[in-house]
Amino acid sequence: MRDTILKFEVSALAIRARTFIFSDPRSKALLPLIERTAPSDATIMITGETGTGKELVARHVHQLSGRADRPFVAVNCGAFSETLVESELFGHERGAFTGAHNAREGWFEAANGGTLFLDEVGDLPQPLQVKLLRVLQEREVVRLGARRPVSLDVRLIAATNVDLRAAVEAGRFREDLYYRLGVVTLPLLPLRERPADILPLARHFLGVYGEKAGSAAIELSPDAEDVAFRYAWPGNIRELENVIQRATLVAPGKLIEPEHLGLSNDRYATVTEARGDLQGLEHVRSTLSQLIAAGEPELLDRLIDLAVREAYAQSNENQVRTAQALGVTRNVIRTYLKNAGLIGD
C-alpha cells in the first residue's frame, strides 16, 4: 500500500515544509472530507499546531477545486504590523496614508478568481475582523482611500494554531466571523499523534536534502529511526525537516546515527506516554509477521477495517465508545465507519 503524498512548489509566501505525507491512519481519515469539500466554494478553517502542514492542505484543496488554474495566494496575518495589515489585505489608493505614493491592490484582489489562504487568522485585530466579515458577506473590497468597491470572486481558506472558540469566549475574536470562516473545519493532528507519518516524512526529507548535499543514498540507521519515531516533535513537520537537513550535513558518511539528529532527551516521554502501553499487542506479532511476509495485499487497510468493525460491534454500535476504545476522535471513527459502509452520510 502506497503512502498518499501531496507535493507542491513553494512560493515566497509559503511555509518551508514542502510535503505532507498521509501514511498514519489518523491522517488518512481526513482525506475523504478534504476530497468532498474541495470542489465547493465553502470557506474552510484548517486548525493545528504550528508546522503541521496547514498551508499544504490548503494548496491541495485549491488543486482539487475548479479554481486550480487560478491564483493561490498565501498570507500570514501575523507577519504584518497592525497598521500595515489592512493595506496588505485590502489594498490602498495613492495618498491614502503617508508613504502611499502609488495605488496598490491588496491580497484579496491578487487572489481574485482563485483562492486566498489566510494563515494565523486569529492574529487579526478586531477592527480588521469587522472588515474581513464584510468582505466575505458582500463579496467586494474597498481599498484604503477609495470609495468605489472592487467585486471579488475569491475562495477563502483560513488557518489558525490557537483555539478560536476560546478566543471568541474571551472576546478577542468575533463570533459571527468565527462561524463564517468555519463552514468546514479540517483539524490537523500534531506529528506526535500520528506517529506512522514520522519515518515516511523523514525518508522524504532525506531524499531532498541528501541529494542537495551530494549524498542521494543517505539514510537513517535503525537506531536513528527508533529515536526519530519515539521523539515528540514539538515543532512538528517543520522541526523534522530542519533536523533531517542538519543531519545530512553533519553525518560523515551515508548513514545517519542518533547523535547526528541532535534531539533533546527530555522530549521522549511525552510521545511514549501518548501512545500508551502496547505490550498487550505482543501476542499478535507473530501472526502479523506472517501476513507481512506473505505479502498480503492492502494489509494495513484491512487491519484497520477489522479493528474498527470489532470495536464498533463490542461497543454496541456506539460511535463515542468505539472512538474511545481505539484511542481516536469521534470524527475520525465516523470517517472509518462511513468507508466501511457501517453508517450513512
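The values are calculated or read from the model by the stated rules, or taken from the named source; none is laboratory data. As the structure is a computational prediction, the values presented were derived from the model and not from experiment. Using ideal geometry, Cβ is built from the backbone for each residue, glycine included, and neighbour counts are taken over all protein chains shown. When the accessible area is computed, the model is the full protein with side chains, heavy atoms only, and any ligands, DNA or RNA have been set aside. Shrake-Rupley method; radii C 1.70, N 1.55, O 1.52, S 1.80 Å.
General observations
- Cα-based equivalent ellipsoid of segment 30-125: semi-axis lengths in Å, sorted from largest, via gyration tensor: 28, 16, 8
- Across segment 105-120, rounded Karplus estimates of 3J(HN,Hα) from the backbone phi angles (6.51 cos²θ - 1.76 cosθ + 1.60, θ = phi - 60°) give 6, x, 5, 4, 5, 4, 8, 4, x, x, 10, 10, 9, 9, 7, 6 Hz, Gly and Pro being marked x.
- Fraction of beta bridges assigned by DSSP in the chain that are antiparallel (%, nearest 5): 25 percent
- Accessible surface of the chain, 1.4 Å probe, proportion on carbon and sulfur as whole %: 49 percent
- In loop segments of segment 292-345 as defined by DSSP, the GluC sites (Glu not before Pro) with at most 14 further C-beta atoms inside 10 Å of their C-beta are E298, E317.
- Mean projection area, nm², convex hull over Cα of the chain: 21.4 nm²
- If you take all other residues with their beta carbon under 11 Å from the beta carbon of E225, and give Lys and Arg +1 and Asp and Glu -1, the sum is -2.
- In the chain the longest region clear of trypsin sites (Lys or Arg not before Pro) that are loop-assigned by DSSP and have at most 16 other C-beta atoms within 10 Å covers 255-345.
- Other residues within the sphere of radius under 9 Å centred on the Cβ of Q319, judged by their own Cβ, net out at +2 (K and R +1, D and E -1).
- Angle of helix 54-64 to the longest C-alpha principal axis of the chain, folded into 0 to 90 degrees and rounded to 10: 80°.
- Taking all protein chains into account, the per residue accessible area for segment 142-223 stands at 49 Å² (1.4 Å probe).
- Size descriptors for segment 133-236, from the alpha-carbon set: Rg then Dmax equal 21.9, 64 Å.
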